[in-house]
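The values are calculated or read from the model by the stated rules, or taken from the named source; none is laboratory data. In this text the structure is predicted, and so the values were computed from the model without any measurement. For neighbour counting, all protein chains shown are included, and Cβ atoms are generated from backbone atoms with ideal geometry for every residue, glycine included.
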Amino acid sequence: MLKGRLGIDEARIPQKSRNGLIYVERCRLSIDNGSLVLSFDEAGREMELPYQLLNVVLVGPGGVVTHDAVRHLSAHGTCIAFVGTGGTRLYTAPPLFDRDAGLARKQAMWWAGESTRMMVAKRMYEKRFGETPRTTSFDSLRGMEAARIKKSYELIAQRFGVDWKGRRFDRSEPDSADPPNQAINHVVTAVEACVAIAVQATATLAPLGFLHDDSAKSWILDLCDLYRTSVTVPLAFQCVKRQEKEPSSSLDRLCRHAVSRHVREKGFIDTVIDDIKDLLA
(Lines give C-alpha, C1' and ligand atoms only; values in the text may rest on other atoms or scores of the structure.)
Protein backbone atom coordinates (compact mmCIF):
# COMPACT_ATOMS: atom_id res chain seq x y z
CA MET A 1 0.00 0.00 0.00
CA LEU A 2 1.34 3.36 -1.04
CA LYS A 3 4.87 1.99 -1.34
CA GLY A 4 7.91 4.08 -2.00
CA ARG A 5 8.95 7.43 -0.69
CA LEU A 6 6.02 8.56 1.47
CA GLY A 7 7.23 11.95 2.61
CA ILE A 8 5.25 13.91 0.04
CA ASP A 9 2.11 15.83 0.92
CA GLU A 10 0.00 14.08 -1.73
CA ALA A 11 0.43 10.73 0.08
CA ARG A 12 -1.11 11.97 3.32
CA ILE A 13 -4.55 10.51 4.09
CA PRO A 14 -6.99 12.65 6.16
CA GLN A 15 -7.71 11.48 9.71
CA LYS A 16 -11.43 11.16 8.95
CA SER A 17 -10.61 8.58 6.27
CA ARG A 18 -8.55 6.43 8.63
CA ASN A 19 -9.84 3.82 10.97
CA GLY A 20 -7.57 1.46 12.80
CA LEU A 21 -4.56 0.86 14.94
CA ILE A 22 -1.84 -1.70 15.29
CA TYR A 23 -0.18 -3.02 18.44
CA VAL A 24 3.41 -4.26 18.30
CA GLU A 25 5.86 -5.48 20.93
CA ARG A 26 9.32 -7.05 21.06
CA CYS A 27 10.16 -5.76 17.61
CA ARG A 28 11.89 -2.94 15.77
CA LEU A 29 10.17 -0.21 13.77
CA SER A 30 12.30 1.50 11.15
CA ILE A 31 12.08 3.11 7.72
CA ASP A 32 13.24 1.40 4.53
CA ASN A 33 12.88 3.27 1.24
CA GLY A 34 10.16 5.46 2.71
CA SER A 35 8.06 2.61 4.10
CA LEU A 36 7.56 1.72 7.76
CA VAL A 37 9.07 -1.73 8.33
CA LEU A 38 8.43 -4.03 11.28
CA SER A 39 11.23 -6.49 12.12
CA PHE A 40 10.07 -9.02 14.65
CA ASP A 41 12.42 -11.98 15.04
CA GLU A 42 16.05 -13.05 14.89
CA ALA A 43 15.51 -14.67 11.49
CA GLY A 44 15.12 -11.19 10.06
CA ARG A 45 11.48 -11.49 9.04
CA GLU A 46 9.98 -8.16 8.10
CA MET A 47 6.67 -6.69 7.05
CA GLU A 48 5.59 -3.28 5.85
CA LEU A 49 2.89 -1.39 7.75
CA PRO A 50 0.34 0.82 5.94
CA TYR A 51 0.79 3.43 8.63
CA GLN A 52 -0.83 6.22 6.63
CA LEU A 53 -4.16 4.40 7.00
CA LEU A 54 -3.83 4.09 10.78
CA ASN A 55 -4.87 6.44 13.54
CA VAL A 56 -2.22 5.15 15.92
CA VAL A 57 0.66 2.71 16.27
CA LEU A 58 0.88 1.24 19.78
CA VAL A 59 4.38 0.22 20.86
CA GLY A 60 4.38 -2.28 23.72
CA PRO A 61 7.19 -3.73 25.88
CA GLY A 62 10.37 -4.59 24.02
CA GLY A 63 9.55 -2.30 21.13
CA VAL A 64 12.36 -0.28 19.56
CA VAL A 65 11.60 2.69 17.33
CA THR A 66 14.13 4.54 15.21
CA HIS A 67 14.27 8.30 14.98
CA ASP A 68 13.45 8.10 11.28
CA ALA A 69 10.29 6.08 12.02
CA VAL A 70 9.06 8.70 14.48
CA ARG A 71 9.81 11.43 11.94
CA HIS A 72 7.77 9.70 9.23
CA LEU A 73 4.84 8.93 11.52
CA SER A 74 4.79 12.54 12.66
CA ALA A 75 4.95 13.87 9.09
CA HIS A 76 1.88 11.83 8.16
CA GLY A 77 -0.11 12.56 11.30
CA THR A 78 -0.04 8.98 12.58
CA CYS A 79 0.03 8.96 16.36
CA ILE A 80 2.62 6.74 18.06
CA ALA A 81 1.90 5.71 21.64
CA PHE A 82 4.15 3.85 24.06
CA VAL A 83 1.93 1.57 26.09
CA GLY A 84 1.84 -1.34 28.53
CA THR A 85 1.10 -4.90 27.46
CA GLY A 86 -2.00 -4.96 25.28
CA GLY A 87 -2.46 -1.20 25.52
CA THR A 88 -3.67 -1.28 29.13
CA ARG A 89 -1.32 1.50 30.22
CA LEU A 90 -0.43 4.70 28.38
CA TYR A 91 3.05 6.01 29.14
CA THR A 92 3.37 8.69 26.50
CA ALA A 93 1.97 9.68 23.13
CA PRO A 94 4.00 12.56 21.67
CA PRO A 95 1.78 15.34 20.27
CA LEU A 96 1.82 15.59 16.49
CA PHE A 97 1.25 19.10 15.27
CA ASP A 98 0.74 18.53 11.54
CA ARG A 99 -2.74 17.04 11.93
CA ASP A 100 -6.37 17.71 11.01
CA ALA A 101 -7.85 19.88 13.78
CA GLY A 102 -11.45 19.43 12.65
CA LEU A 103 -12.57 17.22 15.55
CA ALA A 104 -10.78 19.36 18.15
CA ARG A 105 -12.38 22.53 16.73
CA LYS A 106 -15.83 20.97 16.85
CA GLN A 107 -15.21 19.76 20.39
CA ALA A 108 -14.17 23.24 21.51
CA MET A 109 -17.15 24.82 19.75
CA TRP A 110 -19.69 22.40 21.28
CA TRP A 111 -18.04 22.71 24.71
CA ALA A 112 -18.09 26.54 24.71
CA GLY A 113 -21.88 26.90 24.39
CA GLU A 114 -24.30 25.88 27.14
CA SER A 115 -26.88 24.44 24.74
CA THR A 116 -24.36 22.65 22.52
CA ARG A 117 -22.57 21.26 25.56
CA MET A 118 -25.87 19.80 26.71
CA MET A 119 -26.44 18.48 23.20
CA VAL A 120 -23.25 16.39 23.31
CA ALA A 121 -23.97 15.29 26.89
CA LYS A 122 -27.36 14.01 25.74
CA ARG A 123 -25.72 12.22 22.82
CA MET A 124 -23.50 10.40 25.31
CA TYR A 125 -26.50 9.49 27.45
CA GLU A 126 -28.37 8.20 24.40
CA LYS A 127 -25.38 6.14 23.30
CA ARG A 128 -25.27 4.51 26.73
CA PHE A 129 -28.93 3.98 27.49
CA GLY A 130 -30.67 4.06 24.11
CA GLU A 131 -32.90 7.04 24.82
CA THR A 132 -32.62 10.82 24.83
CA PRO A 133 -33.20 12.36 28.29
CA ARG A 134 -35.74 15.17 28.61
CA THR A 135 -33.82 17.62 30.72
CA THR A 136 -31.91 20.86 30.32
CA SER A 137 -30.03 20.61 33.61
CA PHE A 138 -26.60 19.04 33.93
CA ASP A 139 -27.24 18.20 37.59
CA SER A 140 -30.45 16.44 36.63
CA LEU A 141 -28.69 14.55 33.85
CA ARG A 142 -25.94 13.42 36.23
CA GLY A 143 -28.58 12.29 38.73
CA MET A 144 -30.45 10.28 36.10
CA GLU A 145 -27.20 8.69 34.99
CA ALA A 146 -26.14 7.79 38.54
CA ALA A 147 -29.47 6.09 39.27
CA ARG A 148 -29.28 3.96 36.14
CA ILE A 149 -25.64 3.05 36.76
CA LYS A 150 -26.40 1.94 40.32
CA LYS A 151 -29.14 -0.37 39.08
CA SER A 152 -26.92 -1.64 36.26
CA TYR A 153 -24.19 -2.64 38.74
CA GLU A 154 -26.72 -4.72 40.65
CA LEU A 155 -28.00 -6.46 37.51
CA ILE A 156 -24.49 -7.22 36.22
CA ALA A 157 -23.50 -8.61 39.64
CA GLN A 158 -26.51 -10.91 39.56
CA ARG A 159 -25.59 -12.06 36.07
CA PHE A 160 -22.09 -13.06 37.12
CA GLY A 161 -23.00 -14.29 40.58
CA VAL A 162 -20.91 -11.65 42.37
CA ASP A 163 -21.70 -10.55 45.92
CA TRP A 164 -22.20 -6.80 45.37
CA LYS A 165 -22.57 -4.42 48.31
CA GLY A 166 -22.30 -1.18 46.36
CA ARG A 167 -19.57 1.02 44.91
CA ARG A 168 -17.30 1.78 47.85
CA PHE A 169 -13.58 2.39 48.03
CA ASP A 170 -11.11 4.65 49.82
CA ARG A 171 -8.76 6.40 47.39
CA SER A 172 -6.11 6.63 50.11
CA GLU A 173 -6.36 2.88 50.80
CA PRO A 174 -7.50 1.21 47.58
CA ASP A 175 -6.53 -2.29 48.78
CA SER A 176 -9.03 -2.06 51.63
CA ALA A 177 -11.96 -2.40 49.19
CA ASP A 178 -13.69 -5.73 48.59
CA PRO A 179 -12.66 -7.75 45.47
CA PRO A 180 -15.48 -6.47 43.21
CA ASN A 181 -14.58 -2.84 43.92
CA GLN A 182 -10.86 -3.54 43.56
CA ALA A 183 -11.50 -5.25 40.22
CA ILE A 184 -13.52 -2.28 38.97
CA ASN A 185 -10.65 0.04 39.96
CA HIS A 186 -8.12 -2.09 38.07
CA VAL A 187 -10.27 -2.33 34.94
CA VAL A 188 -11.08 1.40 35.07
CA THR A 189 -7.34 2.17 35.02
CA ALA A 190 -6.78 -0.04 31.97
CA VAL A 191 -9.87 1.18 30.11
CA GLU A 192 -8.87 4.78 30.82
CA ALA A 193 -5.52 4.12 29.12
CA CYS A 194 -7.28 2.72 26.04
CA VAL A 195 -9.59 5.73 25.88
CA ALA A 196 -6.65 8.11 26.30
CA ILE A 197 -5.00 6.44 23.30
CA ALA A 198 -8.14 7.10 21.23
CA VAL A 199 -8.22 10.73 22.37
CA GLN A 200 -4.59 11.17 21.33
CA ALA A 201 -5.23 9.41 18.03
CA THR A 202 -8.11 11.76 17.16
CA ALA A 203 -6.25 14.86 18.39
CA THR A 204 -9.24 15.82 20.55
CA LEU A 205 -8.80 17.82 23.75
CA ALA A 206 -8.57 15.87 26.99
CA PRO A 207 -9.44 18.80 29.34
CA LEU A 208 -12.71 19.70 27.56
CA GLY A 209 -15.30 17.33 29.03
CA PHE A 210 -19.05 17.74 28.67
CA LEU A 211 -20.17 16.18 31.96
CA HIS A 212 -16.89 16.07 33.84
CA ASP A 213 -15.00 19.28 34.48
CA ASP A 214 -11.99 20.64 36.41
CA SER A 215 -9.85 17.62 35.50
CA ALA A 216 -7.15 17.77 32.83
CA LYS A 217 -8.62 14.51 31.52
CA SER A 218 -12.34 15.39 31.70
CA TRP A 219 -13.03 14.29 28.09
CA ILE A 220 -11.35 10.95 28.79
CA LEU A 221 -13.54 10.48 31.88
CA ASP A 222 -16.65 11.33 29.84
CA LEU A 223 -15.76 8.70 27.27
CA CYS A 224 -14.87 6.07 29.89
CA ASP A 225 -18.40 6.36 31.24
CA LEU A 226 -19.76 5.25 27.86
CA TYR A 227 -18.33 1.78 28.49
CA ARG A 228 -18.96 1.50 32.23
CA THR A 229 -21.74 -1.08 32.00
CA SER A 230 -20.86 -2.64 28.64
CA VAL A 231 -17.12 -3.21 29.20
CA THR A 232 -15.71 -2.10 32.56
CA VAL A 233 -18.02 -3.73 35.10
CA PRO A 234 -18.61 -6.98 33.17
CA LEU A 235 -14.86 -7.51 32.73
CA ALA A 236 -14.23 -6.67 36.39
CA PHE A 237 -16.84 -9.15 37.65
CA GLN A 238 -15.56 -11.83 35.27
CA CYS A 239 -12.13 -11.42 36.85
CA VAL A 240 -13.56 -11.63 40.38
CA LYS A 241 -15.16 -14.97 39.52
CA ARG A 242 -11.99 -16.19 37.88
CA GLN A 243 -9.89 -15.30 40.92
CA GLU A 244 -12.26 -17.32 43.08
CA LYS A 245 -11.21 -20.34 41.00
CA GLU A 246 -7.55 -19.27 40.88
CA PRO A 247 -6.79 -17.76 44.33
CA SER A 248 -3.07 -17.48 43.58
CA SER A 249 -3.69 -15.16 40.61
CA SER A 250 -3.27 -11.42 41.07
CA LEU A 251 -6.57 -9.58 40.57
CA ASP A 252 -4.71 -6.65 39.01
CA ARG A 253 -3.03 -8.96 36.49
CA LEU A 254 -6.26 -10.75 35.65
CA CYS A 255 -7.97 -7.41 35.00
CA ARG A 256 -5.17 -6.06 32.81
CA HIS A 257 -5.15 -9.24 30.72
CA ALA A 258 -8.95 -9.19 30.42
CA VAL A 259 -8.90 -5.64 29.04
CA SER A 260 -6.00 -6.53 26.74
CA ARG A 261 -7.97 -9.46 25.30
CA HIS A 262 -11.00 -7.22 24.83
CA VAL A 263 -8.89 -4.66 22.97
CA ARG A 264 -7.53 -7.34 20.62
CA GLU A 265 -10.69 -9.35 20.06
CA LYS A 266 -13.28 -6.57 19.94
CA GLY A 267 -11.26 -3.71 18.45
CA PHE A 268 -12.11 -1.64 21.50
CA ILE A 269 -9.88 1.36 20.78
CA ASP A 270 -11.25 1.50 17.23
CA THR A 271 -14.73 1.59 18.77
CA VAL A 272 -13.76 4.55 20.97
CA ILE A 273 -12.34 6.39 17.96
CA ASP A 274 -15.59 5.83 16.04
CA ASP A 275 -17.63 7.01 19.03
CA ILE A 276 -15.57 10.19 19.33
CA LYS A 277 -16.20 10.97 15.66
CA ASP A 278 -19.89 10.22 16.10
CA LEU A 279 -20.33 12.32 19.26
CA LEU A 280 -18.60 15.35 17.73
CA ALA A 281 -20.19 15.04 14.28
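Structure data summary
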read-out: Where a residue in the range 236-247 is assigned by TED's automatic domain parsing to the domain that holds Ser260 and its partner, wherever it lies, is part of a loop (DSSP other than H, G, I, E, B) and among the hydroxyl-bearing types (Ser, Thr, Tyr), with Cβ under 6 Å and at least six apart; value: Gln243/Ser249
read-out: Residue within the range 111-132 that is closer than 24 Å to Val188 by Cβ, assigned by TED's automatic domain parsing to the domain that holds Leu205 and not in a helix (DSSP H, G or I) present; value: yes
read-out: Matching residues, the range 55-79, being among the aliphatic types (A, V, I, L, M) and under 12 Å from Leu36 (Cα atoms); value: Val57, Val65, Ala69, Val70, Leu73
read-out: Pick from the range 58-77, criterion of a type in the set (Val, Ile, Thr) and over 20 Å from the mean Cα position of the chain (by Cα), ranking: surrounded by the fewest Cβ atoms within 10 Å (Cβ to Cβ); value: Val64
read-out: Where Ser115 falls short, out of the listed (1) surrounded by fewer than 16 Cβ atoms within 10 Å (Cβ to Cβ); (2) at pLDDT below 90; (3) not β-branched (Val, Ile, Thr); value: (2)
read-out: Any strands (runs of 3 or more DSSP E) falling wholly within the range 36-86 and containing at least 1 residues that are of a type in the set (Gly, Ala, Ser); value: 79-83
read-out: Conditions (1) over 12 Å from Ala69 (Cα atoms); (2) surrounded by fewer than 11 Cβ atoms within 10 Å (Cβ to Cβ); (3) modelled with pLDDT of 80 or more: number failed by Asn33; value: (1)
